[in-house]
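Below you'll find the structure, written out as structure tokens, and then a few comments.
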Amino acid sequence: MRVVYQEDLQQSIADALQFISHQHPPDFVRALRRAHAAETHAPAKAAIEQLLINSRLAAISHRPICQDTGVAQLFLRAGVGVQFARRDGAAPTGLQAVVDAAVRAAQRDSVIAHGL
């Protein structure tokens, strides 16, 4: 049987949520660059350029581009041989409580929490 500590799961989820709040996938950024290069309409080209600038600034500062970063939808898959436990030996909480705590932790380190 494999033991997964809920504290580790919570931290992993919080880290992943924080990462995706400020890091665009490389293929998305490449597509934006291609769209910018191909765009001939000045206002649209300027809008795409601003998206590229904002994406870069978000990645550099590790802060979301805007306060509305979407809704988290998590899917967890654990094998039948996995047991969830707590490091302090207390009874494990439900997985929903772990996910909720992870989302709260990720939000604490967001643009809203820092007042930027």
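The table for this structure:
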| read-out | value |
| --- | --- |
| Evaluation of Val4 against (1) of a type in the set (A, V, I, L, M); (2) in contact with a helix residue (DSSP H, G or I) (Cβ under 9 Å, 6 or more places away or on another chain); (3) closer than 30 Å to Ala78 by Cα (one fails), failing number | (2) |
| Subset tally (residues that are among the polar types (S, T, N, Q), at pLDDT below 90 and part of a loop (DSSP other than H, G, I, E, B)) for segment 69-107 | 2 |
| Any helices (runs of 4 or more DSSP H) falling wholly within segment 1-67 and containing at least 2 residues that are within 14 Å of the chain's Cα centre (by Cα) and either modelled with pLDDT under 95 or surrounded by fewer than 12 Cβ atoms within 10 Å (Cβ to Cβ) (or both) | 6-22, 42-61 |
| Flag for Arg34 being without any contact (Cβ under 8 Å) to a residue 24 or more places away in the chain and of a type in the set (Lys, Arg) | yes |
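The values are calculated or read from the model by the stated rules, or taken from the named source; none is laboratory data. Being a predicted model, the structure only gives us computed values, none of them experimental. Note that each Cβ is placed from the backbone with ideal geometry, even for glycine, and that neighbours are counted across all protein chains shown.
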